[in-house]
Amino acid sequence: MMFSDQIRRLQTNIQSVIVGKQEVIDLSIVALLSRGHLLIEDVPGVGKTTLARSIAKSLDCSFQRIQCTPDLLPSDILGVNIYNQQSRLFEFREGPVFANIVLTDEINRATPRTQSSLLEAMSEFQVTIDRTTYPLPDPFLVIATQNPVEYEGTFPLPESQLDRFALSINIGKVSIEEERQIVLSQRIRHPIEDIQPQLTAAELIDIQNHVKDVRMDNQILDYLLTIVNATRESDLLKLGASPRGSLILYRTAQALALIRGRDYCIPDDVKHLAIPVLAHRMPVKPHVRFSGISAAEIIQDILNRIAIPL
């Protein structure tokens, strides 16, 4: 299958740093190949930033890291116009968002105003400063990490911001054996220092363009749309998935099929991605949240009730 060797090299490269998390790595690559942005949410210390850096270092692309804090300003991300006294003109100084891979670390520690400065960049791949629009480099991917909102000093991301992320994933717990490997692998130096780029920007763009050629039959598309529509009819959700959610689920299913060595989608591609693609963009109603039911559990119930096409 075309690109299988390149994708396998990318997977192996990240696996050399992120131990025992094949599913997490594959979902991260799905976001990358589908031109979507990735949100990694989990408690501190489980490897969120390490995963993001491993992805960035596996690509021969420009990379910038933004450490979010409450005093971070939109201009610190986007850039600013500075007056040049010699030329008597304002000159635009690009911010860190002008990179192929942008790691926004602990995004929910930034204020809502600063968070919203990324909306145009994530949805339209451009930024507008003082009525002038600047295109962002291609490829462009935002990888954001955040700690759970229960932690002090955080600002929950609004629905409009969450909807820009193609997937939201958790690193999850590690087994004792996996933790042993992590500790031993870092006795002398961190393995992330040794990984080398596996794909150039041009190669990545080529794969991203071919994702669109992966076939999805009408039966599977109807299955996808039935799942999304069921979220809108649920009495447990304040808001169902938007048409953007449908489009992202469609494109990520194509990317997952390509990663699995196919040029066509099967129902399992859609089912496998429904929770990581849809759950973070659908807030549950207050009484449901207080009862401990999550959006992921609601989507899983929907998946259990909808017949899978043969």
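The values are calculated or read from the model by the stated rules, or taken from the named source; none is laboratory data. The shown structure was predicted, so the numbers you read here are calculated from the model rather than taken from an experiment. Note: ideal-geometry Cβ built from the backbone for every residue, glycine included; neighbour counts use all protein chains shown.
Observations
- Single residue of segment 98-151 satisfying the filter (among the charged types (D, E, K, R) and farther than 15 Å from residue 68 by Cα) that is surrounded by the fewest Cβ atoms within 10 Å (Cβ to Cβ): 131
- Scanning segment 35-71 for residues that are surrounded by 24 or more Cβ atoms within 10 Å (Cβ to Cβ) and of a type in the set (S, T, N, Q) returns a single hit, 58.
- Of all residues making up segment 224-245, the number that are without any contact (Cβ under 8 Å) to a residue 60 or more places away in the chain and surrounded by fewer than 18 Cβ atoms within 10 Å (Cβ to Cβ): 8
- Residue count for segment 126-155 satisfying the condition of being outside any strand (DSSP E or B) and under 15 Å from residue 102 (Cβ atoms): 5.
- The residue that is nearest to residue 168 (Cα to Cα), counting only those in segment 287-297 that are part of a helix (DSSP H, G or I) and free of Cβ contacts under 8 Å to residues at least 12 places away in the same chain, is 297.
- When segment 73-97 is filtered for residues that are hydrophobic (A, V, I, L, M, F, W, C) and either in a strand (DSSP E or B) or surrounded by 20 or more Cβ atoms within 10 Å (Cβ to Cβ) (or both), the ones remaining, listed by number, are 77, 78, 80, 82, 89, 90, 92, 97.
- Residue check for residue 212: in contact with a helix residue (DSSP H, G or I) (Cβ under 8 Å, 6 or more places away or on another chain), free of Cβ contacts under 8 Å to residues at least 60 places away in the same chain and within 16 Å of residue 296 (Cβ to Cβ): no
- Only one entry in 75, 87, 4, 58 is in the same structural domain as residue 181 (by TED's automatic domain parsing) and under 21 Å from the mean Cα position of the chain (by Cα), namely 58.
- Residue pairs meeting the criteria (Cβ under 9 Å; at least 6 apart or on separate chains; first within 22 Å of residue 112 (Cα to Cα), in segment 69-90; second in a helix (DSSP H, G or I) and among the polar types (S, T, N, Q)): 70/114; 72/114; 73/114; 74/114; 74/116; 76/114; 77/114
Yes or no, residue by residue, for (1) assigned by TED's automatic domain parsing to the domain that holds residue 12; (2) of a type in the set (Ser, Thr, Tyr); (3) surrounded by fewer than 21 Cβ atoms within 10 Å (Cβ to Cβ); (4) part of a helix (DSSP H, G or I):
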| position | (1), (2), (3), (4) |
| --- | --- |
| 222 | no, no, yes, yes |
| 247 | no, no, yes, yes |
| 255 | no, no, no, yes |
| 258 | no, no, no, yes |
| 278 | no, no, no, yes |
| 299 | no, no, no, yes |
| 310 | no, no, yes, no |
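- Answer residue from segment 156-176, given it is touching a Ser or Thr at 6+ places or on another chain (Cβ under 9 Å) and part of a strand (DSSP E or B) and is modelled with the lowest pLDDT among those: 169
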